[in-house]
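Below is one structure, written out as structure tokens; the observations come after it.
The values are calculated or read from the model by the stated rules, or taken from the named source; none is laboratory data. None of the values given here were measured: they were computed from a predicted structure. Cβ atoms come from the backbone with ideal geometry, glycine included; neighbour counts cover every protein chain shown. Keep in mind that these areas ignore ligands, DNA and RNA; they rest on the heavy atoms of the full protein, side chains included. Shrake-Rupley method; radii C 1.70, N 1.55, O 1.52, S 1.80 Å.
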Amino acid sequence: MFAEMARRQPGPVMNYLVAAARTPEDPALHPIGTAGLCAAANLGNAEARRQLLKVADDPSAEVRRMVIACAAEGPQPGASGVAAATRLLRDPDASIRVEAARVLAQAVARGGKVSAGVGDGLVTLVADPDREVRAVAIRAIAGLAAEAPKAAGAALIKAFATGDESEKLLLLRTGRAIGTTELVEHAIADASPLVRVEAVDTALATGARVSPTVASALADADPQVRRAVLDRLGGSQDKLDAAELDRALALAVR
């Protein structure tokens, strides 16, 4: 009943909700108290938001899922939900980490300056054991562009070594967005032709290692890579000086 009352007027019942959510005597009350705190937080009750952060470490995965769901589904999750999401970035439950990553991604999508905790949290998730968590984090880091944390580049390079083809393509595009050009050197030697083509696109877009990347691609064993780099050169001739372009075309002729 108190949890239901919190949907309309949480003030008079806040003490009961906090007690229910935190009592060590009856864990079955924790989800009920948490539901009430979430309802109060969605009405803008600052104390309810603070108390939700305290139950984010509850032993019950059900309660922790309720906390992150409240952060993700409440009003302006990219703003008010960031504190809860940051608290749950290392939760043992992968589904909770996915939702935490999405809340941080929404904070980036809002635009403007984001807190250091958002960027650092996303960088942490690049190494997450769950593929979906990593994908959400990597895409969100691209949205940070020049504001990405300094550690982001190293995290992307490390993730590239163990990623599959689609993840490597995503990492390259994110690296391009934040200026991590070192990925080109790794990508042009990758086993996947699509990744090698993406390395050429990244080199031409960023101006990083253009000449050696183009030369490597034109000597590639896969004809689709050789064809792709020639297609790109047709619209990016200014990325190479005249002598480098002549050498590239001579190599392509052979």
Hits in the stretch 193-207 (condition: of a type outside the set (S, T, N, Q) and part of a helix (DSSP H, G or I)) = Pro193, Leu194, Val195, Arg196, Val197, Glu198, Ala199, Val200, Asp201, Ala203, Leu204, Ala205
Hits in the stretch 1-39 - residues which are assigned to a helix (DSSP H, G or I), open to solvent by 70 Å² or more (accessible area, probe 1.4 Å) and among the polar types (S, T, N, Q) | Asn15
Residues that are farther than 24 Å from Ser166 by Cα, open to solvent by less than 20 Å² (accessible area, probe 1.4 Å) and without any contact (Cβ under 8 Å) to a residue 60 or more places away in the chain: find the helices (runs of 4 or more DSSP H) completely inside the stretch 90-152 holding 1 or more of those.
-> 94-109, 116-125
Does at least one position in the stretch 240-249 carry a residue that is closer than 28 Å to Glu132 by Cβ and small (Gly, Ala, Ser)?
-> no
Taking Pro10, is it of a type outside the set (S, T, N, Q), modelled with pLDDT under 90 and out of contact with any strand residue (DSSP E or B) (no Cβ under 6 Å at 6 or more places or on another chain)?
-> yes
Looking at the stretch 208-232, which of the residues that are outside any helix (DSSP H, G or I) and either more than 20 Å from Asp246 (Cβ to Cβ) or among the aliphatic types (A, V, I, L, M) (or both) is most open to solvent (accessible area, probe 1.4 Å)?
-> Ala221
Would you check which residues across the stretch 153-192 are within 16 Å of Ser216 (Cβ to Cβ), open to solvent by 30 Å² or more (accessible area, probe 1.4 Å) and part of a helix (DSSP H, G or I) and list them?
-> Glu185, His186
